Structures are given as structure tokens and as C-alpha cells.
Amino acid sequence: MSRELQRQILMKFVKDNWQPTFGPVAFPNAPFQTPRNSRWAEVFIVTFDTTRSSLGASSFLKRSTCSLQFNLYCPQGVGSAENVTASDFLESLFEEARFSLADGDSIQFGTPTSFDVTGVDERREGTNSNWHRSVVDCPFVRSAVVSK
């Protein structure tokens, strides 16, 4: 499976399951206007490591350790409860989720975690100290059997 196909599958899943009350989502390589004073989120995929294990003379297992990460923003003064609600939803949605593809490749999620990073840094243009930011990290492994 190509990384582009992986991105398309996961971003479609996010779009199909996203709750409008969490605000608009900034997707990779797509136009986005940061709201001035309402909730919003951004999502992206990070690949950490890829390993190969032989399956004999003709093939090997390729495993990539990745993460689907969400930055959740709400205006300061609104309270972090809004981000906690969205974090809980995302953790439940991706807990042990599995995507099996027709070509035999798979994506297997583990246990997501979330944490508050308000005031730590400014991640996106237009985000300053007026935003409360939480991160939801949804780790997954992409596995593929590849012919040598």
C-alpha cells in the first residue's frame, strides 16, 4: 500500500466520522481558513519507523510504525472540557481499529492517548496564546507482504 493510499483511506475515515460540534478540520494539503474564535482541529500522519522481516525466499513483511495525530483547538477562556470531549471521542473511535485492504495489507491501531499542550508552542499560523490546544495521538502499524 502506498502512503498516499493510506492517507486517503484514513482521511476519508476521519471525514466520515467527524462530529460537526468539534469544528472544522484542517486536512493535509487542503485549503483551510483558521476560525477566529471557535473550535477547530488539524490532522496529520507521522511515520516513525519501518522494518522488514523475511518470509522466505520470495517475500518479506514490511511494517511501518505510524501515528494519526490530531491537534484540537478551542479559544482560551472557553475551558478545556470541549477538547476533552473531542479527545474522548477520537480515542474511542480509533481504539484497536483495523482496516483490512483487498490486497492483503492492513492498518492496525493501538491505544490512543491525549494530552494538553496549551502554551507550549505555536503550531500553525494564526494560533497564538488565545488558543487552548490538546493533542490526540492514535498509534498504528501498517503491514504489507512484499515480493522480493
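Could you check the simple spin-label distance between VAL84 and ASP16, using points 7 Å along Cα→Cβ, in nm with one decimal? Reported label-point gap for VAL84 and ASP16 is 3.2 nm. Each pair of Cα atoms in the chain enters the Kirkwood radius, and Stokes-Einstein at 4 °C and 1.567 mPa s then converts it into a translational diffusion coefficient of 78 µm²/s. Near SER53, once Lys and Arg are set to +1 and Asp and Glu to -1 for all other residues with Cβ below 11 Å from its Cβ, the sum equals +3. Once the Cα-Cα distance is subtracted from the 0.36 nm per residue extended length, the ARG7 to THR50 segment shows a gain of 13.8 nm. Fully extending the segment from SER143 to GLU95 would add 15.5 nm, taking 0.36 nm per residue of separation and subtracting the current Cα-Cα distance. Once the Cα-Cα distance is subtracted from the 0.36 nm per residue extended length, the SER38 to PHE115 segment shows a gain of 25.7 nm.
Calculated mean residue ellipticity at 222 nm for the chain: -6500 deg cm²/dmol, from DSSP H runs with n ≥ 4 weighted as -39500 (n - 2.57), summed, divided by the residue count and rounded to 500.
Here, each number is a calculation from the coordinates, and none is a lab measurement. None of the values given here were measured: they were computed from a predicted structure. Cβ sites come from the backbone with ideal geometry, for glycine too, and all protein chains shown count toward neighbours.
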